[in-house]
Amino acid sequence: MKIYQLYRRQPLNITREEAWAFLSSPYHLNEVTPDFFNVEIISSVPDSIYAGLMISYRMKAVFGIPMAWLSEVSHCDVPQRFIYQQRVGPFKFLSHEVRLTETEGSVILEDILFYAMPLSWLGQLTHSLLIGDKLKRIFDVRRDYLQSKWGANL
């Protein structure tokens with residue numbers, strides 16, 4: 001099984017608490033992702049995330065085909081970091097850590113994504129032809145949105 005990694009680092013001109021409030025809320029997913037990644041939350045979600053929280057989504061990330069996704073917040077250290085992991089969805093494995101580090105007058109956002117494709121060589125081919133670029137685009141749109149919203153210095 002091939003494990004892929006995507007890493008992003010971005011300074012934001014807001015406090016860590018403001019960044020946490022925005023980034024830890026699943027209700028902002030459609031704001032920070034491309035139109036093709038339409039996400040509908042179908043489970044109830046509390047105002048604050050916590051370790052063990054399960055969130056159920058329906059999304060149309062590939063060719064507009066609806067798919068179910070269940071994620072679990074596996075770690076939650078308010079307001080430093082949270083990790084959510086796919087429990088049901090299109091990947092064989094997916095873990096996304098969002099880390100917030102305070103600096104003078106700003107915060108550094110780090111995204112650390114590990115994932116594996118299903119279906120062995122066919123999954124790897126699909127990754128190289130489609131999924132890898134789509135994931136990069138998702139994080140590019142997120143970066144650009146945050147840049148415009150909080151004037152981050154890139």
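The values are calculated or read from the model by the stated rules, or taken from the named source; none is laboratory data. From a predicted model like this one, the values you see are computed outputs, not experimental measurements. In this analysis, Cβ positions are derived from the backbone assuming ideal geometry, glycine residues included, and neighbour counts consider all displayed protein chains.
Pull up the range 52-79, narrow it to residues that are assigned to a loop (DSSP other than H, G, I, E, B) and in contact with a Phe, Trp or Tyr (Cβ under 8 Å, 6 or more places away or on another chain), then point me to the one that is modelled with the lowest pLDDT.
Gly64
Please verify whether the range 48-69 includes one or more residues that are in contact with a Leu (Cβ under 6 Å, 6 or more places away or on another chain), closer than 23 Å to Ile3 by Cα and among the hydrophobic types (A, V, I, L, M, F, W, C).
No.
Of the residues that sit in the range 1-40 and are in a strand (DSSP E or B) and of a type in the set (Ser, Thr, Tyr), which one is surrounded by the most Cβ atoms within 10 Å (Cβ to Cβ)?
Of everything passing the filter in the range 1-40, Tyr4 is surrounded by the most Cβ atoms within 10 Å (Cβ to Cβ).
Based on what the data block shows, is Asp111 under 25 Å from His28 (Cα atoms), assigned to a helix (DSSP H, G or I) and either free of Cβ contacts under 8 Å to residues at least 12 places away in the same chain or among the acidic types (Asp, Glu) (or both)?
Considered against the rule, which asks whether it is under 25 Å from His28 (Cα atoms), assigned to a helix (DSSP H, G or I) and either free of Cβ contacts under 8 Å to residues at least 12 places away in the same chain or among the acidic types (Asp, Glu) (or both), Asp111 comes out as no.
Six or more apart or on different chains, Cβ under 6 Å: which pairs go from a residue in the range 73-84 that's without any contact (Cβ under 8 Å) to a residue 40 or more places away in the chain and closer than 12 Å to Arg16 by Cβ to one that's in a strand (DSSP E or B) and of a type in the set (Gly, Ala, Ser)? Could you list them?
Note: no pairs meet the criteria.
Out of all the residues in the range 64-96, which are surrounded by 14 or more Cβ atoms within 10 Å (Cβ to Cβ), of a type in the set (D, E, K, R) and over 24 Å from Ile42 (Cβ atoms)?
Arg81
Going through the range 36-56 one residue at a time, which ones are farther than 19 Å from Gly89 by Cα and either under 15 Å from the mean Cα position of the chain (by Cα) or touching a residue at least 60 places away in the same chain (Cβ under 8 Å) (or both)?
Within the range 36-56, just Ile49 meets the criteria.
Output the residues belonging to the range 120-154 that are outside any helix (DSSP H, G or I) and touching a Pro at 6+ places or on another chain (Cβ under 9 Å).
Quick first cut of the range 120-154, residues outside any helix (DSSP H, G or I) only: 151-154.
Hits for the range 120-154 are Ala152, Asn153, Leu154.
Out of the residues in the range 121-147 meeting the condition of being exposed (fewer than 13 other Cβ atoms within 10 Å of the Cβ) and in contact (Cβ under 8 Å) with a residue 40 or more places away in the chain, tell me which one is farthest from Pro79 (Cα to Cα).
Across the range 121-147, the extreme among qualifying residues is Leu130.
Suppose we filter Ser106, Ser71 for residues that are among the polar types (S, T, N, Q) and closer than 23 Å to Asn13 by Cα; which single one remains? So that I can check it myself, show each step before the final result.
On the way: Ser71 fails: closer than 23 Å to Asn13 by Cα.
It is Ser106.
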